[in-house]
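Below is one structure, written out as structure tokens, with a few remarks after it.
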Amino acid sequence: MKKSAWKKIVLAVVFVLLAAMLAAGCAAPAAPEPEPAPPDENGEEGLYRDGTFEAVSQGNERGYVQVSLTLENDEIVAADIIEFDGVGVEKVYEDYGQRFPLLEEAHQTLENNMIEEDTWDVDVVSGATSTSEKTREAARFALERASVEAIDMEYFDGTFMAISDATERGWGIAWVTLENDEIIGIKLEGTTPAQEDGEDVFDAVGRQVFALKGEEYPWEPYHEAKEVIAEDIVASQSPDVDTYTEATGASNQWMQAVERALEAARSR
């Protein structure tokens, strides 16, 4: 091929490349990155989400406290306290207040203080230390659930109490102890109708009274099942375990109570 032909080819290639570069330079600029969305109506850029958030304190042989907090624009605008006794029954003022008259006043004081001071960290009510401490803890857990930034744990650490569905013969109770999202301990109990002089007992508002089944409870498989079911749940890290022969009803009640205790312990 002659040199003149090579020159024509080279010039053509150069021309094409220059044309492509010029076209690229004249192209429309890239679209700008979209601006971040403004905060929505739920105040997601604040500390807490708007809404009503409920949580319970840890439970013991004397029961636990449930607190509901309503939040608007990072402020506590409403608070509600319900307290439960050692068998999981609500402490209503008309009944429990006869034995502990300070209960209603303590609840109202704690509710008002949490709203006015806009915090769970309010002073303990004198004469109602246990109620106050459980209320403070339940309110703190409720705020954790309301937080925009969720904590990096599925469950709160601690011991949480719950009961199964009630029947005319009683219900199951579970205390589930959690640490670092693991079940490390289970305590199970059952209830039976309380009697006095061979008659059923009713409280001041007409509710039948139930008591824990003690060591004297005559059905031995019940006592064996308490231990076996608890051990199996810890071993499997799940309430879904086999029922215990000759204590099927109690087994199912305990598994339901454990499942509910785990739900009560959830951090979100």
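Since every read-out is calculated from the coordinates, none of them should be taken as a lab result. Everything numeric in this text was worked out from a predicted model, so none of it was measured. Counting neighbours? That spans all protein chains shown, and the Cβs are built from the backbone with ideal geometry, glycine included.
With θ set to phi - 60°, apply the Karplus curve 6.51 cos²θ - 1.76 cosθ + 1.60 along segment 116-124 and write out the HN-Hα couplings as whole Hz, x wherever there is a Gly or Pro.
My calculation for segment 116-124 gives 5, 8, 6, 7, 7, 7, 9, 5, 5 Hz in order.
Looking only at Cα atoms, what is the convex hull volume of segment 155-248 per residue, in Å³?
For segment 155-248, the hull spanned by Cα atoms encloses 124 Å³ per residue.
For a paramagnetic label modelled at 7 Å from the Cα of I151 toward its Cβ, which residues of segment 227-268 fall within the zone defined by backbone nitrogen distances under 14 Å?
Taking a point 7 Å out along Cα→Cβ of I151, the residues of segment 227-268 whose backbone N falls under 14 Å are 264-268.
Non-local amide H neighbours of V125 (under 5 Å, H modeled in plane, Pro and chain starts lacking H): which ones?
Those lying under 5 Å, H to H, from V125 are S132.
From the phi of every residue in segment 254-266, what ³J(HN,Hα) in whole Hz does the Karplus formula 6.51 cos²θ - 1.76 cosθ + 1.60 yield, where θ is phi - 60° and glycine or proline is x?
5, 5, 5, 5, 5, 4, 6, 5, 5, 5, 5, 8, 4
How large, in Å, is segment 51-187 by the Kirkwood hydrodynamic radius built from its alpha-carbon pairs?
15.7
For the residue pair Y93 and S126, what label-to-label distance in nm results when each label sits 7 Å from Cα along the Cα-to-beta-carbon direction?
Placing both labels 7 Å along Cα→Cβ, they lie 2.2 nm apart.
Spin-label point model (7 Å from Cα, Cβ direction): what's the R169 to D74 distance in nm?
Placing both labels 7 Å beyond Cα along the Cβ direction yields 5.5 nm.
Subtract the Cα-Cα distance of E116 and E61 from 0.36 nm times their separation in residues, and report this length gain in nm to one decimal.
Roughly 16.6 nm would be gained on extension.
Quote the FRET efficiency, to the nearest 0.05, computed for R49 versus V209 with a Förster distance R0 of 35 Å and r equal to the Cβ-Cβ distance.
My answer for the efficiency is 0.30.
With the alpha-carbon atoms as the only input, what is the per residue convex hull volume for segment 190-238 in Å³?
So the per-residue hull volume is 96 Å³.
Hey, can you grab everything whose amide H is under 5 Å from the amide H of K91? Only 5+ residues off in sequence or another chain; H modelled, so Pro and N-termini drop out.
E83, F84, D85
Residue by residue through segment 163-176, what is 3J(HN,Hα) from phi via Karplus (6.51 cos²θ - 1.76 cosθ + 1.60, θ = phi - 60°)? Round to whole Hz and write x for glycine and proline.
Once θ is set to phi - 60°, the couplings for segment 163-176 become 10, 7, 4, 8, 10, 5, 9, x, 8, x, 10, 10, 10, 10 Hz.
Arrange the peptides 224-231, 88-95 so that the one whose residues have, on average, the most other Cβ atoms within 10 Å appears first.
In descending order of packing, they fall as 224-231, 88-95.
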